[in-house]
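These notes concern the structure reproduced below.
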Number of protein chains: 2
Amino acid sequence: MGKTVTIVRNVMEANERRAAKLKDFFAERRILCLNIMSSPGAGKTSLLERTLADLKNEFRMAVIEGDLQTDNDARRVAATGAQAVQVNTEGGCHLDGSMIEDAIEVLNLDGVDILFIENVGNLVCPAEFNLGEDHKISLLSVTEGDDKPEKYPLMFHISSVMLLNKVDLLPYVDFNLETASAHARKLNKDIAIFPVACRTGEGLSAWYDWLRAARAAKR
Amino acid sequence: MGKTVTIVRNVMEANERRAAKLKDFFAERRILCLNIMSSPGAGKTSLLERTLADLKNEFRMAVIEGDLQTDNDARRVAATGAQAVQVNTEGGCHLDGSMIEDAIEVLNLDGVDILFIENVGNLVCPAEFNLGEDHKISLLSVTEGDDKPEKYPLMFHISSVMLLNKVDLLPYVDFNLETASAHARKLNKDIAIFPVACRTGEGLSAWYDWLRAARAAKR
């Protein structure tokens, strides 16, 4: 296993170098870049659909969509009028810096204020690969259970924001917002936590205020 | 990247050798081994709690619980009276053959009819690592969306069974059972599909009948 570990570290180091260059690229252009991560089906695309529609008169936004297969999500977010490019990992479990390099060659980023990257649906591997983003954003659906921050600690440790999605389903599931929030804050005392329902729009104004502040900090 | 690919292939080949030995081990002892996989929070542990309780007078069952962190799940299934051992991957995104080798040294498998392996919550990576199991079982919660078989095709391509869990929440979510089933059958025409609600017990009798048939085929 010694050799394997060395090789894995080289892959990670190569990715870190790419991520550092991407960070510089976004900084020079004053683009706020956000890396959105969650389990499959927690609502990343729904969050983007809402956000792109509700803030379209306020910011110029673009999206990089990551999925194993299909361009369903790029088509969904493009329907809001935003620029979107789909990256298919062909089975790969996370996005890495080289995929973002390819995607930004396709996008026209002139004048873009916010670039959203929707990572592959996976609460484990994407957490280990920086993409040059300003912030990592994690979504947890209340249907997944309030023990998930404790069981998948790295994801919540490295995220600036945890969105607790699908709170419209709280009456029908066993999920304690306080328990999930306490676990997340134990891993990361500064994490911003927003209970939302992307289907109904409930709670999104707090997320939008966070976005405005993060965007302002980037100017 | 050429070197990386070679090393990854060696890791996969080493795992395949381990999985083949485990398969022989389970065959000699007539143990039905099932590898249960899903996204985080889709209900793997709840399925096991129900199954272990409902069939405890019919079969001797044991469980290997895989998680990044915590032994919560092993404690939950052990509460049913079943033998359980927790494997913590310490951040690793899937179980592999060497972890199963370690776990079966701890378990007393004398007279065990069915060994359940609950994999790490992840719809991507666990699909690539055989563990010597007779069947792969995938769970999809209806809260995750009916597009998941299309977007995570390998998982459903290799599974003998797809359990569509949390059907008690169908009135509150946008999920079409026919759409999800059609996508899964396109990937794998022989897949057995069982809509269930592990919280209420709804639909589990069809899953138990499948288990009885799979167990009988192993004698």
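The values are calculated or read from the model by the stated rules, or taken from the named source; none is laboratory data. Just so we're clear, the structure is a prediction, and the values are computed from it rather than from any experiment. Note: ideal-geometry Cβ built from the backbone for every residue, glycine included; neighbour counts use all protein chains shown. These accessible areas exclude ligands, DNA and RNA; they are computed on the full protein's heavy atoms, side chains included. Shrake-Rupley method; radii C 1.70, N 1.55, O 1.52, S 1.80 Å.
So which residues in the stretch B:166-219 are of a type in the set (Gly, Ala, Ser) and not in a helix (DSSP H, G or I)? Show your work before the answer.
Filtering the stretch B:166-219 down to residues of a type in the set (Gly, Ala, Ser) leaves B:180-182, B:184, B:192, B:197, B:201, B:203, B:205-206, B:213-214, B:216-217.
Of everything in the stretch B:166-219, those that are of a type in the set (Gly, Ala, Ser) and not in a helix (DSSP H, G or I) turn out to be B:Ala192, B:Ala197, B:Gly201, B:Gly203.
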Residue within the stretch A:126-133 that is within 14 Å of chain B (Cβ to nearest Cβ), in a loop (DSSP other than H, G, I, E, B) and among the polar types (S, T, N, Q) present: no
Subset of the stretch B:69-100 (residues that are within 14 Å of chain A (Cβ to nearest Cβ) and either in a helix (DSSP H, G or I) or touching a Pro at 6+ places or on another chain (Cβ under 7 Å) (or both)): B:Gln69, B:Asn72, B:Asp73, B:Ala74, B:Arg75, B:Arg76, B:His94, B:Leu95, B:Gly97, B:Ser98, B:Met99
The stretch A:141-161: number of residues that are within 11 Å of the chain's Cα centre (by Cα) and closer than 20 Å to A:Leu204 by Cβ: 3
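Could you tell me which residue of the stretch B:101-113 is farthest from B:Asn15 (Cα to Cα), considering only residues that are among the charged types (D, E, K, R) and either free of Cβ contacts under 8 Å to residues at least 12 places away in the same chain or not in a loop (DSSP other than H, G, I, E, B) (or both)? Steps first, please.
Taking the stretch B:101-113 and keeping what is among the charged types (D, E, K, R), we get B:101-102, B:105, B:110, B:113.
Add one more test, that the residue is either free of Cβ contacts under 8 Å to residues at least 12 places away in the same chain or not in a loop (DSSP other than H, G, I, E, B) (or both), and what stays is B:101-102, B:105, B:110.
Working: B:Glu101: 11, B:Asp102: 14, B:Glu105: 18, B:Asp110: 25 Å.
My answer is B:Asp110.
Which of the residues that make up the stretch B:150-161 are more than 10 Å from chain A (Cβ to nearest Cβ) and either assigned to a helix (DSSP H, G or I) or surrounded by 22 or more Cβ atoms within 10 Å (Cβ to Cβ) (or both)?
So in the stretch B:150-161, the residues more than 10 Å from chain A (Cβ to nearest Cβ) come out as B:156-161.
Hits for the stretch B:150-161 are B:Phe156, B:His157, B:Ser159.
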Residues (surrounded by fewer than 23 Cβ atoms within 10 Å (Cβ to Cβ) and touching a Ser or Thr at 6+ places or on another chain (Cβ under 6 Å)) located in the stretch B:121-135: B:His135
Tally of residues being within 15 Å of B:Glu101 (Cα to Cα) and within 14 Å of another protein chain (Cβ to nearest Cβ) across the stretch B:11-52: 3
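Considering each residue of the stretch B:187-200, count those that are exposed (fewer than 13 other Cβ atoms within 10 Å of the Cβ) and either under 16 Å from the mean Cα position of the chain (by Cα) or in contact (Cβ under 8 Å) with a residue 24 or more places away in the chain (or both), and give that number.
Residues of the stretch B:187-200 that are exposed (fewer than 13 other Cβ atoms within 10 Å of the Cβ), as a first pass: B:189-190, B:200.
This time we only want the ones that are either under 16 Å from the mean Cα position of the chain (by Cα) or in contact (Cβ under 8 Å) with a residue 24 or more places away in the chain (or both), so: B:190, B:200.
Total meeting the criteria: 2.
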Within the stretch A:53-68, considering residues that are in contact with a Lys or Arg (Cβ under 9 Å, 6 or more places away or on another chain) and acidic (Asp, Glu), the one nearest to the other protein chains (Cβ to nearest Cβ): A:Asp67
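Taking the stated definitions as given, is A:Ala14 small (Gly, Ala, Ser) and surrounded by fewer than 16 Cβ atoms within 10 Å (Cβ to Cβ)?
Numbers: small (Gly, Ala, Ser): yes; surrounded by fewer than 16 Cβ atoms within 10 Å (Cβ to Cβ): yes.
Criteria met by A:Ala14.
In the set B:Leu169, B:Leu164, B:Leu177, which member is more than 9 Å from chain A (Cβ to nearest Cβ), over 16 Å from the mean Cα position of the chain (by Cα) and either open to solvent by 50 Å² or more (accessible area, probe 1.4 Å) or of a type outside the set (S, T, N, Q) (or both)? Even if it seems obvious, please write down each step before you answer.
On the way: B:Leu169 fails: more than 9 Å from chain A (Cβ to nearest Cβ); B:Leu164 fails: over 16 Å from the mean Cα position of the chain (by Cα).
Exactly one residue qualifies, and that residue is B:Leu177.
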